[in-house]
């Protein structure tokens with residue numbers, strides 16, 4: 001192939017085409033000039049550009065004015081504090097924040113190094129530097145990129161750290177400039193330096209000059225040498241590149257550069273710079289930073305607090321960094337006891353053969369307010385804001401849904417706890433009881449306590465599917481249209497529920513019929529003292545009547561006295577509630593989820609157990625009462641001693657034959673048994689005492705008879 005010939009052909013063709021096109025282009029150019037001049041296009045273009053600039057400036061001015069610059073200093077100085085239900089401090093939230101120190105507690109060498117390196121005109125400008133902006137603009141035109149810095153003053157960098165992303169774009173630079181102007185209006189130069197040095201990132205998870213000084217050199221910020229100060233300031237350009245722990249050579253070279261800039265700026269003598277540059281940086285390194293994260297005391301609860309704050313429209317970074325005071329429903333005794341139970345591996349099933357851990361989540365909730373008092377989100381090592389099984393999970397609640405979607409609406413429809421239900425195979429829905437048997441009929445309160453499936457589905461059919469579906473929604477369950485089928489009686493939901501939503505639903509039974517939306521936060525106060533979230537006066541919604549709630553409690557007391565929860569009943573305490581189990585989709589004898597939700601008038605405790613991802617190698621066995629019942633029982637026995645100890649006002653339906661009666665009107669079967677036992681013991685004691693007296697009398701007569709016998713024999717021998 002002759003490439004030269006081909007290229008010659010292409011060149012010739014292009015020249016021919018150009019000679020043909022050129023006259024037309026010249027004509028178009030002449031026409032464009034006439035139109036451009038006739039309609040003043042240049043003026044229109046300039047006017048539109050000015051309007052665009054005006055609009056953009058107005059927008060940026062609005063953003064700057066509406067940013068709470070006045071809260072900046074207090075937000076950086078103060079940590080966000082979590083308070084419990086009693087108003088006592090429970091811990092702190094933190095992110096991108098270190099130990100805040102005043103400018104007086106920072107070496108002057110740090111300030112001199114910072115100004116020499118980052119912003120030599122700092123004390124003369126009003127938040128922005130025209131020359132710096134021009135350099136950045138030129139770089140953008142030449143390199144098609146704003147990377148490289150040089151256009152931001154220290155005040156602009158503070159604005160970026162506090163309010164903006166790290167993207168190197170003109171829009172962010174523009175916002176940065178307007179915010180810097182507002183910051184300069186509010187704060188003095190020294191205050192700006194102080195805030196900047198305390199909010200800057202220094203690598204290795206360290207924020208602020210004080211913690212950086214301890215992390216890299218083991219000294220306070222006030223004790224830094226010139227070389228150490230230059231090293232830390234040099235890291236601001238790129239903490240991952242210039243920190244001496246990970247990149248000693250880069251850090252050394254950068255330190256020397258900063259020392260040279262300090263000399264150029266008249267802040268350091270050349271001789272001192274030379275002396276400091278000769279010091280081996282490796283010999284100065286010492287990690288004296290003991291960050292224990294002790295302030296994040298209850299990690300799962302605090303994670304859930306941040307999540308809830310976001311639901312109120314707050315930014316998570318603001319929540320952690322702006323010095324808020326967050327008041328919660330937390331009960332520190334409940335939380336500590338719940339966490340202790342979850343650290344006891346013996347209460348949980350063994351890991352799967354491949355080492356996968358069985359997961360679990362629990363919530364304790366105040367039924368009279370909906371306030372979440374304790375949360376444990378999972379087993380194993382805590383991951384900051386990781387998946388929380390107690391609050392974020394969506395799994396089938398199994399039979400724990402029966403009181404909500406079936407039995408409560410059935411009572412409202414006219415059924416009674418002692419009503420007779422059908423317990424037999426159904427022709428409209430394929431279901432069976434747990435053990436595969438059926439008795440033909442079942443008393444309602446016994447069917448609930450024994451968690452019989454056939455009577456539950458039959459009862460939902462009798463009251464109407466719509467009634468059960470609507471009532472479950474009123475209890476706060478997140479149902480979908482696909483959940484409107486008879487499987488609703490057994491907890492077969494498309495999405496499912498979390499322990500928190502189930503705890504809130506059972507709170508309706510505990511408090512006499514009112515639903516309260518579950519929440520951890522009762523109030524949030526920002527760093528200026530303004531209340532920005534207020535849940536202190538929550539209003540409950542009437543879902544069922546008090547009579548219905550009392551009847552439900554009477555029946556659910558039977559779960560732990562005679563039903564599926566007997567083995568999970570906490571020793572020394574009376575609770576009501578329900579167990580729940582779901583089976584796997586590959587083997588009906590294998591278990592997917594296990595639940596227990598129990599309550600007293602003071603507390604609802606909701607616990608779930610299962611594998612995060614169920615498979616043929618990851619499943620549970622056994623009943624809820626026996627398996628998840630172990631952790632539930634341990635939790636209840638450790639939490640309830642800290643509750644108010646309010647007693648139920650209704651008696652167990654098993655004591656009354658299903659009739660609603662006050663607890664003090666019915667003798668406690670345990671007390672009766674105890675009394676009978678005492679009577680029996682007294683009878684034995686009386687019998688033993690009588691026998692003892694009889695034997696004593698019998699012994700006396702034997703003694704007397706023996707004495708007479710031997711006495712007569714002796715007289716005969718002696719001749720008397």
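What follows draws every value from the coordinates through simple rules; no lab data is involved. Every value quoted in this text rests on a predicted model; they were computed, and no experiment measured them. Positions of Cβ are backbone-derived with ideal geometry, glycine not excepted, and every protein chain shown enters the neighbour counts.
Sequence gap at least 6, Cα distance under 8 Å: using those rules, report the relative contact order of the range 499-627 to the nearest whole percent.
Relative contact order here is 23 percent.
Could you please state, rounded to a whole Å, how far the C-alpha centre of the range 443-493 is from the C-alpha centre of the range 185-249?
62 Å
Output the relative contact order of the range 304-371, whole-number percent, from Cα pairs under 8 angstrom with separation of 6+ residues.
Reported relative contact order: 21 percent.
Per-residue counts of other Cβ atoms within 10 Å, averaged by peptide: what ranking do you get for 657-666, 546-555, highest first?
Peptide ranking by packing, descending: 546-555, 657-666.
Hey, fewest Cβ within 10 Å first, where do 596, 532, 10 land in order?
Fewest-to-most ranking of 596, 532, 10: 10, 532, 596.
Using all alpha carbons of the range 514-597, what is the percent of pairwise distances in each 10 Å bin, ordered from the shortest bin to the longest?
Binned Cα distances yield the sequence 14, 24, 28, 21, 11, 2.
What percent does the relative contact order of the range 226-343 come to when contacts are Cα pairs within less than 8 Å and at least six residues apart?
Contact order relative to length: 15 percent.
With just the Cα atoms defining each centre, how far is the range 312-332 from the range 537-569? Give it in Å.
That distance is 33 Å.
To the nearest 0.05, what FRET efficiency results for residue 272 and residue 240 with a Förster distance of 30 Å applied to their C-beta separation? Mind dumping the intermediate values first?
Working: r = 29 Å, r/R0 = 0.97.
Computed FRET efficiency for residue 272 and residue 240: 0.55.
Label points 7 Å out from Cα along the Cβ direction at residue 664 and residue 333: separation in nm?
Reported label-point gap for residue 664 and residue 333 is 2.4 nm.
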